[in-house]
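*Asks:* What follows is a structure written as structure tokens; I'll ask about it next.
The values are calculated or read from the model by the stated rules, or taken from the named source; none is laboratory data. In this text, all values refer to a predicted model and were calculated from it rather than measured experimentally. Ideal geometry is used to build each Cβ from the backbone, glycine not excepted, and the neighbour counts take in all protein chains shown. These area figures cover heavy atoms from the full protein model, side chains too; ligands, DNA and RNA do not enter into them. Shrake-Rupley method; radii C 1.70, N 1.55, O 1.52, S 1.80 Å.
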Amino acid sequence: MRGSREGLLLGIALDALVGDPRRGHPVAAFGRVARVLETRLYADSRGRGVFYVGVLVGGAAGVGFLAERVVRGRPVARVGVTALATWAVLGGTSLGRVGLRMARVLEAGDVDAGRELLSHLCARDPAGLDAAELARATVESVAENTSDAVVAPLVWGLVGGVPGLLAYRAANTLDAMVGYRSPRYERFGWAAAKLDDVLNWVPARVTGVLAVVGAGDSAGRAWRVFLRDGGRHPSPNAGRCEAAFAGALGVKLGGVNAYGGRVERREEMGDGRAPEVRDVRRAVRLSAAVGGL
């Protein structure tokens, strides 16, 4: 396990230094394979969805097992393989960069650019959103993605090494692709959504606790909101992250969200004011603190 831990640390450093490549990212390549397989296997059926997820997540884990087997008994090579896998699945640096881009365009008053940029953070319909709503969407997305892109991969990397890293990222990517509640994916995407919920149950709560620790003087308030409001979100996991961030930042998250014509009215989390543009940078800093912890 020592080599794995060193490889994880090196992978974290690589992500911090270079972030995600503009072209040729391994996760994007996986997504293309998943899309091709979807055209072959899709049916309005939970069984087909289970098989689809099993093939892709199992395949990703298999690649990880094979990679570790190849470097067995070679500590330096094992560190290198673990580092590359960690870098490939982490997204903390890119998340922070997109969050800061959103902060800059909203600070400049360019709401149209903010609406275009929102698709890099979440699937929310940006049409008609003003600067304040874009700020709320960004804070919520940064909170949730701190778990998905940073904490969860590292948790599964510690638990399962390279197979854990790759299997987690495969499952999380499939949830983003087919796990939405829509007529097309209500049955076929059920397995992807449920597996992602299971894999993120512990990491989301670890993220919430780390956000409390990273809240500094606001830690007491963040802890209260985390415990009280974490279960108010439709997701069993996202609410834990968002509630902790709401308490740490002193804002109120939740409300009305639109997703491709479907409107969700979510309970509010937190006791503070509505998020403002200035809170986007604060959320990015808190996300970075959680990653560091």
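*Asks:* Using 0.36 nm times the number of residues separating T39 and L293, minus their current alpha carbon distance, what extension gain do you get? All intermediate terms of the calculation are to be shown ahead of the outcome.
*Replies:* Values: separation 254, 0.36 × 254 = 91.44 nm, distance 4.11 nm.
Using 0.36 nm per residue and subtracting the Cα-Cα distance, I get 87.3 nm.
*Asks:* Considering only protein heavy atoms and a probe of 1.4 Å, how much of the accessible area of the chain is carbon and sulfur, as a whole percent?
*Replies:* On the way: 8210 of 13910 Å².
That fraction is 59 percent.
*Asks:* Give me the one-decimal nm value for the distance between modelled label points at R181 and S235, 7 Å along each residue's Cα-to-Cβ direction.
*Replies:* With each label placed 7 Å out from Cα toward Cβ, I get 1.4 nm.
*Asks:* Please work out the average accessible area per residue across the chain, using the 1.4 Å probe convention, and give it in Å². Don't skip to the end; give the middle numbers.
*Replies:* Working: 13910 Å² over 293 residues.
Dividing the accessible area of the chain by its residue count gives 47 Å².
*Asks:* Can you show me the helix-derived [θ] at 222 nm for the chain, built from DSSP H runs with n ≥ 4 at -39,500 (n - 2.57) apiece and divided by the number of residues, rounded to the nearest 500. Can you show the working numbers first?
*Replies:* On the way: 12 runs with 203 residues, N = 293.
Result for the chain, helices only: -23000 deg cm²/dmol.
*Asks:* Another question, then. Give a residue-ordered list of calculated ³J(HN,Hα) values for the stretch 171-179 (Karplus: 6.51 cos²θ - 1.76 cosθ + 1.60, θ = phi - 60°; whole Hz; x for Gly, Pro).
*Replies:* 5, 5, 5, 5, 4, 5, 7, 10, x
*Asks:* Return the long-range amide H neighbours of M269 (sequence gap of 5 or more, or a different chain), with a cut-off of under 5 Å between placed amide H atoms.
*Replies:* Here L253, G254 satisfy the definition.
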